[in-house]
Amino acid sequence: MREGTGTVSYIADQPGSERVRLRLSPSQRVTMPSVLLLLGLLACSGGEAEQPASPATPDTSQQIAQAKAALIDADLDAAAASYEAALRADPTNTEAGVGRAYVAAMSGDLDGADKLLAAVQATAGAKTGEVQLRRALLAAQRGDAEAVIAQGTASGTPAGKLMAAEALLTELEHDAALELLREVVADDSAVGEAASRYLEFLEDEDPTVAAMAENYALWSMGEHSVAVSSVAPLIRAISESDWKNQELLVWAGRAAAVGEPQAASDLLESIAFAPKGQSWRVRATRAMIRCAEQDVRACVDGFAQLEGAAPPVGLMHAKATAAMVLDEEHREIALGLLDERVSDATARAALAVGDAELAQRLAPSGLLADFLSSR
């Protein structure tokens, strides 16, 4: 097994996000995982261009344009009404159905969003796979592994198959997961890279290493606490190596990030020696643990001591993660940890802490920036 092996989830991996709620308006609230889910729903489409209506198809372009304008103004009720008007005129309009599902998910109604997507799936034509991928994303958010497997596989997309493989691993269906992973491993994207890394675990001659794939899949499927609580005995059973210590360090950071400071401390204390060039990460993880314990003085001091001694980008990410595990009463301290440089990590942290204006200023161009500008 190569040093540093790990997976990349198709759904953005945001430690500690279940602790945070985001204000959209006085009447609409969603959890941070839902925000990341929404970005995933947007990413599936890449923003399909509207198709001109044929003589036999009602022209719904005006209603859809009104819905998009309402989303830019963060008026979910108006957006929902406009999408519904488009669907009344043309129940087979995929763009309207997907848009209405997006609004439902944004409002926290994941079951309703899935029903809306199911209604347009039968007539989605060439976009059927994209609709099914969206349904897999929703199922993952709901914790419905069976639906993730069904919709992800049926989507025929690399991302959908990767998600299905992850769900299969959480169900201990290794053979079926391997089949899907081998189908997407050649994909020239982060999806193919993630599949390759899963295969490295699963095909390792050490069964303990192979079992690690299940923990990575649990993490990717959002079962963060389960993953960090079950990974320690697996890693400790692996022969001493730099890679073992790297895994201990990775999972210690993850445990701290999801508010499990004791598990994080136990993992960190199991490291025989810091992986080469990673001493700063050990110290940063200790600071993150202090943040998770709400020991704000030790948290801030720990990061302050790393200034100039740690890679700037790595330290920026560690501090962003730490900011998100501080309780609401420490909001100003959390904001003080954030770097002023533009990055997704700091933008998401600012959003999680509750400063949407700062989040918008720090977000680089892309899906997150688009989402923030539409609020």
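The values are calculated or read from the model by the stated rules, or taken from the named source; none is laboratory data. From a predicted model like this one, the values you see are computed outputs, not experimental measurements. Please note: Cβ atoms are built from the backbone with ideal geometry, for glycine as well, and neighbour counts cover all protein chains shown.
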Problem - Single residue of region 181-194 satisfying the filter (surrounded by fewer than 16 Cβ atoms within 10 Å (Cβ to Cβ) and touching a residue at least 40 places away in the same chain (Cβ under 8 Å)) that is farthest from the chain's Cα centre (by Cα) - result: 193
Practice task
Kindly indicate the residue of region 108-127 that is assigned to a helix (DSSP H, G or I) and touching a residue at least 24 places away in the same chain (Cβ under 8 Å) and also surrounded by the fewest Cβ atoms within 10 Å (Cβ to Cβ) among those meeting that condition.
Solution key: 125
Practice task
Quick one: residue 259 ticks every box in (1) farther than 30 Å from residue 363 by Cβ; (2) part of a loop (DSSP other than H, G, I, E, B); (3) in contact (Cβ under 8 Å) with a residue 40 or more places away in the chain except a single one, so which number is it?
Solution key: (1)
Completion exercise
Within region 86-105, the residues that are surrounded by fewer than 18 Cβ atoms within 10 Å (Cβ to Cβ) and hydrophobic (A, V, I, L, M, F, W, C) are 89
Fill in the blank from the handout: With the first residue restricted to region 349-369 and required to be part of a helix (DSSP H, G or I), and the second required to be among the polar types (S, T, N, Q) and at pLDDT 85 or above, Cβ contacts under 7 Å at 6 or more apart or on different chains are 362/343; 362/346
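Can you tell which of 228, 250 is assigned to a helix (DSSP H, G or I) and buried (at least 23 other Cβ atoms within 10 Å of the Cβ)?
Details: 250 fails: buried (at least 23 other Cβ atoms within 10 Å of the Cβ).
Result of the check over 228, 250: 228.
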Practice task
From 178, 168, 172, grab the single residue that is buried (at least 23 other Cβ atoms within 10 Å of the Cβ), over 18 Å from the mean Cα position of the chain (by Cα) and within 30 Å of residue 236 (Cβ to Cβ).
Solution key: 168
Exercise for the section: Could you please give the count of residues in region 195-225 that are crowded, with 16+ Cβ neighbours inside 10 Å and assigned to a loop (DSSP other than H, G, I, E, B)? Expected result: 4
Exercise for the section: Give region 69-85 a look and list any residue that's buried (at least 19 other Cβ atoms within 10 Å of the Cβ), under 24 Å from residue 141 (Cα atoms) and either free of Cβ contacts under 8 Å to residues at least 40 places away in the same chain or not aliphatic (A, V, I, L, M) (or both), or say none. Expected result: 79, 80, 83
Problem - Residue satisfying condition, being over 20 Å from residue 227 (Cβ atoms) and part of a helix (DSSP H, G or I), within set 154, 167 - result: 154
Practice task
Could you tell me which numbered condition residue 264 fails, if it satisfies all but one of (1) at pLDDT 90 or above; (2) outside any helix (DSSP H, G or I)?
Solution key: (2)
Fill in the blank from the handout: Over region 287-300, the set of residues touching a residue at least 12 places away in the same chain (Cβ under 8 Å) and either surrounded by fewer than 24 Cβ atoms within 10 Å (Cβ to Cβ) or aliphatic (A, V, I, L, M) (or both) is 287, 288, 289, 290, 292, 293, 294, 296, 300
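Only one of 369, 363, 356, 352 is at pLDDT below 95, under 21 Å from the mean Cα position of the chain (by Cα) and closer than 23 Å to residue 260 by Cβ; which? Give the steps one after another, and end with the answer.
Values: 369 fails: closer than 23 Å to residue 260 by Cβ; 363 fails: closer than 23 Å to residue 260 by Cβ; 356 fails: closer than 23 Å to residue 260 by Cβ.
Criteria check complete, one pass: 352.
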